[in-house]
Amino acid sequence: MAAEKRLEELLNIVVTEGGSDLHLFAGGSPVIRVSSTLIPLTKYPAFTAEETEAMLKSIVPPERWDSFEKNQTIDLSYAYRADMRFRVNGYRVQGGTALAFRLIPHAVRTFTELNLPSVLEVFTQREQGFFLVVGPVGQGKSTTLAAMINRINDSRAEHILTIEDPVEYLFTPKKSLIHQREVHIDAPDFGTALQSAFREDVDVIMVGEMRDYETISSAVTAAETGHLVFSTLHTNNAAQTIDRIIDMFPSEQQGQVRVQLAGSLAGIFSQRLIPRVSGGLIPAYELLINNNAVANLIREAQTHEISAVIQTSSQEGMIDLDRMLADLVHRGEVTVEHAYEHAMDPKTFERYL
């Protein structure tokens, strides 16, 4: 009980301080992240290994504790009070237990509230296709996907299936029927859940993360066979994302996958969260829209030319990250230094300045 009360106090601090993350580990004081900056809570004494173990055990379902002890890591969602949810990772560090909590806001925010481009609306209204939100860890990919799924929920009567590890945002059905499946609880893995989706009369599928060949293969097939599929990858830009997907397949299948991807890909949205001059974070992003030129580059294994297409296709709705970073600097939203850190091509970014 002492571990649970201490944990509750720390989770409250994350919320009241406007934080996004909480780190607990043996041998050190808790640390929170606020607007991308780590802040040690030095007024709290260091945790013992027994305390962090007890904290994790208090929130892990008993039937999954053996899995943690076997694999030395576990992912789960944790509902704390009616208005707070956290994504949690528990892991071993030099024999001790550490925990990382990521706050999941209760309300799913709109594109406007998230400072996202209105062009994303177009992709939520498609009947089929494959749309990816990509970027490094902690850059708001899940939040953007949630906004897109909720937009469909607001506007169309569809059967939406989410497959997540763990489930993050909870959706309230509006016009759509929504089922959310959690890996390890509702399905053994992403691939199995995706395969069963073909027999569940699903219109829209959201895959929390594409981690392996089976998941990517099933997602591409789903997009080809009349489904609208959304997912994420930890890649830096559109060209790298396409290469990563193709490289997951055996060499003898890669030609066919290029053809499939050229036909089914709707777009790729790459985003970063950058410290704002006025406080908080603001997104910067790249958007690739799969037109005839892009599809040809994918089929012909010329993905290195995709960035040039994005730079010259703003009239079609594509967005170049370096141009956007320069625009944020001109508007006084971010500093040159912060923008430069996230530039895809520093020389191109400098030209835009």
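The values are calculated or read from the model by the stated rules, or taken from the named source; none is laboratory data. Keep in mind that this is a model prediction, so the values were computed, not measured. Cβ atoms come from the backbone with ideal geometry, glycine included; neighbour counts cover every protein chain shown.
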Taking region 119-145 and keeping residues crowded, with 18+ Cβ neighbours inside 10 Å and more than 9 Å from the chain's Cα centre (by Cα) leaves L120, F123, T124, G129, F130, F131, L132
Which condition number in (1) farther than 30 Å from H338 by Cβ; (2) crowded, with 16+ Cβ neighbours inside 10 Å; (3) of a type outside the set (D, E) is the one that P30 fails? (1)
So for region 56-69 (the condition being closer than 13 Å to T97 by Cα and in contact with a strand residue (DSSP E or B) (Cβ under 6 Å, 6 or more places away or on another chain)), does at least one residue qualify? yes
The lone exception for V202 - which of (1) in contact with an Asp or Glu (Cβ under 9 Å, 6 or more places away or on another chain); (2) surrounded by fewer than 17 Cβ atoms within 10 Å (Cβ to Cβ); (3) assigned to a loop (DSSP other than H, G, I, E, B) it fails: (2)
Can you tell me how many residues within region 58-71 are without any contact (Cβ under 8 Å) to a residue 40 or more places away in the chain and surrounded by 13 or more Cβ atoms within 10 Å (Cβ to Cβ)? 3
In region 89-118, anything modelled with pLDDT under 95, within 22 Å of V207 (Cβ to Cβ), surrounded by fewer than 19 Cβ atoms within 10 Å (Cβ to Cβ) and not basic (K, R) is listed as P105
Which listed residue, of S29, S35, is of a type in the set (S, T, N, Q), at positive phi and in contact (Cβ under 8 Å) with a residue 12 or more places away in the chain: S35
Per-region count, region 46-57, residues touching a residue at least 40 places away in the same chain (Cβ under 8 Å) and either of a type in the set (V, I, T) or not assigned by TED's automatic domain parsing to the domain that holds L10 (or both): 1
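One line per residue, one yes/no per condition, for (1) hydrophobic (A, V, I, L, M, F, W, C); (2) surrounded by fewer than 23 Cβ atoms within 10 Å (Cβ to Cβ); (3) closer than 30 Å to A326 by Cβ:
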| residue | (1), (2), (3) |
| --- | --- |
| A193 | yes, no, no |
| D212 | no, yes, no |
| I246 | yes, yes, no |
| G255 | no, yes, no |
| Q260 | no, yes, no |
| G267 | no, no, yes |
| R276 | no, yes, yes |
| G279 | no, yes, yes |
| I282 | yes, yes, yes |
What are the pairs, 6+ residues apart or on separate chains, where a residue within region 11-25 that is within 13 Å of L41 (Cα to Cα) has its Cβ under 7 Å from a residue that is of a type in the set (K, R)? G19/R33; D21/R33; D21/R102
Taking region 9-21 and the residues there that are charged (D, E, K, R) and within 26 Å of the chain's Cα centre (by Cα), the one that is modelled with the highest pLDDT would be D21
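Matching residues to (1) surrounded by 14 or more Cβ atoms within 10 Å (Cβ to Cβ); (2) in contact with a Leu (Cβ under 7 Å, 6 or more places away or on another chain); (3) of a type in the set (A, V, I, L, M):
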{"residue": "A301", "(1), (2), (3)": "no, no, yes"}
{"residue": "I306", "(1), (2), (3)": "yes, yes, yes"}
{"residue": "Q315", "(1), (2), (3)": "no, no, no"}
{"residue": "R331", "(1), (2), (3)": "no, no, no"}
{"residue": "A343", "(1), (2), (3)": "yes, yes, yes"}
Residue under question is K43, and the condition is that it be free of Cβ contacts under 8 Å to residues at least 24 places away in the same chain and assigned to a helix (DSSP H, G or I); does it hold? no
